[in-house]
Amino acid sequence: MTRLRLLLAVPLLALATACSGSSAKSPGPTATSGGGSTARTESAAPGEAGFPDAHSTGPRTGLTPHSTGNLSIKTDGTVIKGWDITGSLDIYADDVTIVDSRITSTNWWGVNLRPGHRGLRVLHSTVTAVPGKGPDNGGEDYAVSNMSTSSVEVGWSDISVFGNALSMGRGNLHDNYVHDLVPFRNAGGEWQHTDAVISGGSNKGELIVRHNTLLNPVAVNRGASAAVGLFADTGPVTNTVVDDNLLAGGAYALYGGGKGATGIKVTNNVFSRRYHRFSGAYGAVAAWNTGGKGNVWRGNRFSDGTAITPEPAG
């Protein structure tokens, strides 16, 4: 099984009706997962201050409930603001903005941009799911998924529960708090790989991952892969910036794209030891192409200030 499930194989889901009311901002997830872990608020250790957390991300306003179900958006320029959504959003339109909202999904994704469309922005929002209620044998795979070749912006958002939280080859991911990923056995009976950010290669354009908190607390024997996973599943990984993030967890906290990766700039990141001695279970970084054209490794360190030097990709 490839690391990324092909979303194009997922059947299209029907449009559900919406209803409205009034509500204050909802707290983060506290449900117990099928894997036996409980979602919790992560606390910054010394040397890890100043990165996004539950206080600096998510909606800034009160929310109005909307039980949308699995909703398809087909009108260009749609703005969804102040909604507390029970359901998911499947985007078949350009220049859609989701801002100051909360999405609680039991679908394959929270928000998904379809091929051929562009301009999706998810800002100041919470995207979460209900453990054990998703279509992938109880799991939910992607918080924000980009099936297009256009860039997707995700900023100042609180993201939790999904297996692969931010899944895209091209995008601008900044100032987000990704935490409490939930392990699950997928429809194939295997532990689903979990990553806070995942890219499968063959990206058209640039992927920027800047000033996020990206935490993967899942145990390796339950599918933990990375905090940032740059994988050449569908082709070489190129033109990616990973800068000024707090990373922790996974088998390795960062997978660097492998032998064919070029134009990868990994700078000024803090690798936390909160789950493992070396940030990831087996180390801070793997698959780093030291000699790749345009690759830069600079200023990366553990939270105690110890510099990290990656081994060359094998």
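Output the peptides 66-72, 152-158 sorted from most to least packed, where packing is the average of other Cβ atoms within 10 Å over each peptide's residues. Please list the in-between numbers first.
Numbers: 66-72: 19.3, 152-158: 24.4.
My ranking of the peptides, most packed first, is 152-158, 66-72.
Putting +1 on Lys and Arg Cβ atoms and -1 on Asp and Glu Cβ atoms, find which of Gly134, Thr267, Val96 reaches farthest to the positive end of the dipole of the chain.
My answer, from the dipole projection, is Thr267.
Cross-link partners among lysines for Lys81, C-alpha distance below 26 Å, same-chain residues fewer than 8 apart left out?
Within the straight-line cut-off, Lys81 pairs with Lys25, Lys133.
Hey, can you find the accessible area per residue of region 111-237 for me, probe 1.4 Å, expressed in square angstrom? Before the final figure, lay out each step's value.
Values: 3410 Å² over 127 residues.
Value returned for region 111-237: 27 Å² of accessible area per residue.
Assuming a ≥ b ≥ c are the square roots of the Cα gyration tensor eigenvalues, decide whether region 51-156 counts as rounded (a/c under 1.5), prolate (otherwise, with a/b larger than b/c) or oblate.
Numbers: a/c = 1.36, a/b = 1.05, b/c = 1.30.
Verdict is rounded for region 51-156.
Give me the dipole magnitude in Debye, nearest 20, for region 52-186 about the Cα centre, with unit charges on the beta carbon: positive for Lys and Arg, negative for Asp and Glu. Don't skip to the answer; put the middle values down first.
Numbers: 10 positive and 14 negative charges, 38 e Å.
Around 180 debye, computed over region 52-186.
Compare the Cα positions of Val197, Ser125, Gly294 along the charge dipole of the chain (+1 at Cβ of Lys, Arg; -1 at Cβ of Asp, Glu; about the Cα centre) and return the one farthest towards the positive end.
The residue sitting most towards the positive pole is Gly294.
Evaluate the charge dipole of the chain about its Cα centre and quote only its size in Debye, nearest 20, assuming +1 on the Cβ of each Lys and Arg and -1 on the Cβ of each Asp and Glu. Walk me through the numbers on the way to the answer.
Values: 25 positive and 24 negative charges, 68 e Å.
I would put it at about 320 debye.
Using amide H atoms built 1.01 Å from N in the peptide plane, name the residues 5+ places from Ser303, or on other chains, whose amide H lies under 5 Å from its own.
Phe271, Arg273
How large a share of the accessible area of region 144-198, in percent, is made up of carbon and sulfur atoms when the probe is 1.4 Å and the other protein chains stay in place? If you can, show how the numbers build up before the last one.
Details: 540 of 1230 Å².
Here it works out to 44 percent.
When the Karplus curve 6.51 cos²θ - 1.76 cosθ + 1.60 is applied with θ = phi - 60°, which whole-Hz ³J(HN,Hα) does each residue of region 206-219 get, with x for Gly and Pro?
9, 10, 10, 10, 9, 6, 10, 9, 10, 10, 10, x, 5, 5
For region 82-207, what is the convex hull volume of its Cα atoms per residue in Å³? Could you put the intermediate results ahead of the total?
Values: hull volume 11.3 nm³, N = 126.
Dividing the Cα hull volume of region 82-207 by its residue count gives 90 Å³.
Provide the per-residue ³J(HN,Hα) series for region 52-57, in order, calculated from phi with Karplus coefficients 6.51, -1.76, 1.60 and θ = phi - 60°, each as a whole number of Hz, with x at glycine and proline positions.
x, 8, 5, 7, 9, 10
Report relative contact order for region 69-122 in percent, whole number only (criteria: Cα-Cα under 8 Å, sequence separation at least 6). Don't jump to the answer; show the numbers that get you there.
Details: 122 pairs, mean separation 19.6, N = 54.
Once divided by the residue count of region 69-122, the mean separation gives 36 percent.
In terms of modelled amide H atoms, which long-range or inter-chain residues lie less than 5 Å from the amide H of His66?
Asp84, Ile85, Thr86
Do you know the relative contact order of the chain, to the nearest whole percent, from alpha carbon pairs under 8 angstrom that are 6+ apart?
Details: 1024 pairs, mean separation 36.8, N = 314.
It rounds to 12 percent for the chain.
The values are calculated or read from the model by the stated rules, or taken from the named source; none is laboratory data. Computed from a predicted model, the values in this text were never measured in an experiment. Cβ: placed from backbone, ideal geometry, glycine included. Neighbour counts: every protein chain shown. All accessible areas refer to the heavy atoms of the entire protein, side chains included, with ligands and DNA or RNA removed. Shrake-Rupley method; radii C 1.70, N 1.55, O 1.52, S 1.80 Å.
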